[in-house]
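The values are calculated or read from the model by the stated rules, or taken from the named source; none is laboratory data. Keep in mind that this is a model prediction, so the values were computed, not measured. Counting neighbours? That spans all protein chains shown, and the Cβs are built from the backbone with ideal geometry, glycine included. Quick note on the areas: whole protein, heavy atoms, side chains included, nothing else; ligands and nucleic acids left out. Shrake-Rupley method; radii C 1.70, N 1.55, O 1.52, S 1.80 Å.
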Amino acid sequence: MIATCRRAAALMLIGLGIGTALAAAPTPAQLQALQALRLSDPNTFLAQLRAVEAGPPPTDLLLRDQLALLSAQALALESRFPEALQRADRLAREAADEGTRLRAAALAVNVQAASREFLDGQKRLEALLAKVEPLPDSAVRRHIDLVAAVFYNQLSQSEIALRHADRVLAGNAAPVERCTATVQVLEARLTRAAHQLDDGEFDAVSALCAGGSTVVSARYVDVLRARWWIARGEAGRAVAHLQAQMAALQAIGYEPLLAEAHAEFAEALKATGRLDEAQAQTDALLALSAGLPSGLPLLSARRTRYEIALARGDDRVALGELQAVLTAERAYEDEVRHLLAAYEAGRQESLARQQALALVEQRNAQLVLDARHSERTTTFFTLLAAPLGLAFIALLAWTWHSRRLRRRHRERLEVDPLTALWTRQHFSQQAAAALAAAERRAQPMALVLFDLDHFSQVNSQHGHLSGDALLAAVGAALARLQEPGRHFGRLGGEEFAVLLPGAGLDEGLAFAERCRSAIAAARATAYDGRAALAITASFGVVSTTAAGYRLRDLLANADQALYRAKGAGRNRVAAAVVVPVDGSEAPA
């Protein structure tokens, strides 16, 4: 169950910041105590918070805002999402302290993720990340990075989740933050490379999260471990582990996490032939399903019940369960569509933000160049007061030097130094002009978009200098495919694009296959000289025949095809599918 435990992970962060249980006006120390109680005993936390709310409100405005944030987080824990979102939004606008406003905005993201409103949650998260990007390491910054790690793990974007979790671990993280970040790293690795994990890593995370202050995270690791064993074909170990931990999971009273545990337990029991016990676990899960926005645990339970009925030879029950499976599958497919739409929206917004930052950098570089130019102009006019011969020589030298500076500056803006391919900005300008000209001549063009597979692993295992060497090798391989009229560009990181003139979809697919073979054959030496590095790439191809001549539309359709190529196993080429006006799907 690759995407399981998402819901529980989302709510794990709701409540990183609350406190007290007395009927008197709460003090800062009492609020901090309640914050610790949130992760160790959710039921007691809710009861004590209600006692605080029934007493006198704090006189200090900052404490009043903190208590209001706690109340909103409690509503989210009780799955009262509309009320929680309304209070979080109000605090994000009106709280007196910037830290409280940011935490309230982060809570709104968590609430929308927990209620599966991923598209709106993605937009909120992108805006929030833009606000905190320039901030130094702090509790608020780490909190928002944790929110992002959880959110992107739910979108199955494990590389982005890892980046945010790693940033928390690189800072001055408190024990509860370190535990939560490490759990997110573990889940991301389980999603993308489960075969690389071992029991020792799960033991290390469990030890890190052991203790009363992080009991929810510790139990979450138990569920992740069971899922890993089931995926490895060791269902018996998963059964024994969940049997030992189920009482602790039930004692927490954390329904989303308990539902995930029941789903994993039922699957493991079914795999070991203990059908009656598996059915009992699905009964327990279905009893919780009304309060679970996520369709995945419910779908898992329905599939298990259907397979149990088949194993028992009960065709009548199996037919009824099959109908329930189909209903649950439709609900989950809708959820996945929202996930993909949210990721695509966030990707486009992120790219736009990167382009804006690149434009600012370009303008700053131009200002520096203009200042140097002005300085040299002043020097030149000073030299005019000298003898004519000396001034003329100075003029020639200044002109030559100025032109060289401008040429170097232009090259830095247009050519990526690692791959010798065009930069994103220059590629976009040239490609847009080429597409406009092709449209006027009614000439087809094809866009090939590709992304290096698991490139981040090269950086993490061999260092960024080794990654740079591999990028240079990829650039050299692509240079051998250069022909007049072809536009090659590095769009950023490990993403590249090629615009092919006069090419339809078939020609684009054939060229993408040549690129794929050339990249797979490329080699580079690790920085320490001990390893030969290789890489593969996944490709998405689209033509103007179906997608039109706007670069933005071509990139969006090619990116969808690239996403399908990665989902189908990577190191392959996929054609984009464009939905025309009549509603039928056609290859692009």
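When you go through 267, 277 one by one, which is the residue that is surrounded by fewer than 19 Cβ atoms within 10 Å (Cβ to Cβ), touching a helix residue (DSSP H, G or I) at 6+ places or on another chain (Cβ under 9 Å) and modelled with pLDDT of 80 or more?
277
Look through the range 64-86, keep the residues that are crowded, with 19+ Cβ neighbours inside 10 Å and touching a Pro at 6+ places or on another chain (Cβ under 7 Å), and return whichever of them is farthest from residue 43 (Cα to Cα).
67
Taking the stated definitions as given, is residue 168 touching a residue at least 40 places away in the same chain (Cβ under 8 Å), closer than 17 Å to residue 110 by Cβ and of a type in the set (A, V, I, L, M)?
No, not satisfied.
Output the number of residues of the range 186-237 satisfying the condition of being over 30 Å from residue 36 (Cα atoms) and in a helix (DSSP H, G or I).
11
With the condition kept exactly as written, say whether any residue in the range 403-417 is surrounded by fewer than 14 Cβ atoms within 10 Å (Cβ to Cβ), on the phi < 0 side of the Ramachandran plot and at pLDDT 90 or above.
Taking every residue of the range 403-417 in turn, none turns out to be surrounded by fewer than 14 Cβ atoms within 10 Å (Cβ to Cβ), on the phi < 0 side of the Ramachandran plot and at pLDDT 90 or above.
Condition first: modelled with pLDDT of 85 or more and within 25 Å of residue 253 (Cα to Cα). Can you find one or more residues in the range 55-64 that meet it?
No, the range 55-64 contains no residue that is modelled with pLDDT of 85 or more and within 25 Å of residue 253 (Cα to Cα).
Output the residues belonging to the range 113-153 that are open to solvent by less than 10 Å² (accessible area, probe 1.4 Å) and among the polar types (S, T, N, Q).
122, 153, listed by residue number.
Can you pull out the residues in the range 236-251 that are open to solvent by 10 Å² or more (accessible area, probe 1.4 Å) and either modelled with pLDDT of 90 or more or touching a Lys or Arg at 6+ places or on another chain (Cβ under 9 Å) (or both)?
The answer is 236, 237, 240, 241, 243, 244, 245, 248.
Just a yes or no: is a residue in the range 87-95 assigned to a loop (DSSP other than H, G, I, E, B) and open to solvent by 40 Å² or more (accessible area, probe 1.4 Å)?
no
Quick check on the range 213-229. Is at least one of its residues more than 23 Å from residue 284 (Cβ to Cβ), touching a Pro at 6+ places or on another chain (Cβ under 9 Å) and buried (at least 20 other Cβ atoms within 10 Å of the Cβ)?
Yes.
Do any strands (runs of 3 or more DSSP E) lying entirely in the range 485-545 carry at least 1 residues that are farther than 15 Å from residue 472 by Cβ and either of a type in the set (Phe, Trp, Tyr) or out of contact with any strand residue (DSSP E or B) (no Cβ under 7 Å at 6 or more places or on another chain) (or both), and which ones are they?
The qualifying strands (runs of 3 or more DSSP E) are 487-492, 537-543.
Would you please list the contacts, defined by Cβ atoms under 7 Å and residues six or more apart or on different chains, that run from a residue in the range 562-576 that is open to solvent by 60 Å² or more (accessible area, probe 1.4 Å) to a residue that is among the polar types (S, T, N, Q) and not in a helix (DSSP H, G or I)?
Listed pairs, sorted by first residue: 570/536; 570/538; 572/538.
Quick check on my filter: what residues within the range 208-226 are without any contact (Cβ under 8 Å) to a residue 40 or more places away in the chain and either within 21 Å of the chain's Cα centre (by Cα) or farther than 23 Å from residue 250 by Cβ (or both)?
Scanning the range 208-226 gives 208, 221.
Among the candidates 303, 347, single out the residue that is modelled with pLDDT of 80 or more, basic (Lys, Arg) and on the phi < 0 side of the Ramachandran plot.
Being modelled with pLDDT of 80 or more, basic (Lys, Arg) and on the phi < 0 side of the Ramachandran plot holds for just one of 303, 347, which is 303.
Let me confirm something: among 516, 490, 523, which residue is under 19 Å from residue 463 (Cα atoms) and of a type outside the set (Gly, Ala, Ser)?
None of the others qualify; the one that does is 523.
Identify all residues within the range 493-507 that are closer than 26 Å to residue 457 by Cα, surrounded by fewer than 21 Cβ atoms within 10 Å (Cβ to Cβ) and either among the polar types (S, T, N, Q) or modelled with pLDDT of 90 or more (or both); write none if there are none.
Within the range 493-507, 495 is the sole residue that qualifies.
Tell me whether the range 167-180 contains one or more residues that are outside any helix (DSSP H, G or I) and open to solvent by less than 30 Å² (accessible area, probe 1.4 Å).
Yes; the residues of the range 167-180 include at least one that is outside any helix (DSSP H, G or I) and open to solvent by less than 30 Å² (accessible area, probe 1.4 Å).
All but one of (1) over 12 Å from residue 151 (Cβ atoms); (2) touching a helix residue (DSSP H, G or I) at 6+ places or on another chain (Cβ under 8 Å) hold for residue 86; state the number of the condition that does not hold.
(2)
Hey, residue 563 hits all of (1) more than 24 Å from residue 420 (Cα to Cα); (2) part of a loop (DSSP other than H, G, I, E, B); (3) among the hydroxyl-bearing types (Ser, Thr, Tyr) but one; which does it fall short on?
Of everything listed in (1) more than 24 Å from residue 420 (Cα to Cα); (2) part of a loop (DSSP other than H, G, I, E, B); (3) among the hydroxyl-bearing types (Ser, Thr, Tyr), residue 563 misses just condition (2).
Given the structure, is residue 232 out of contact with any Phe, Trp or Tyr (no Cβ under 6 Å at 6 or more places or on another chain), surrounded by fewer than 19 Cβ atoms within 10 Å (Cβ to Cβ) and under 19 Å from residue 270 (Cβ atoms)?
For residue 232, the condition - out of contact with any Phe, Trp or Tyr (no Cβ under 6 Å at 6 or more places or on another chain), surrounded by fewer than 19 Cβ atoms within 10 Å (Cβ to Cβ) and under 19 Å from residue 270 (Cβ atoms) - is met.
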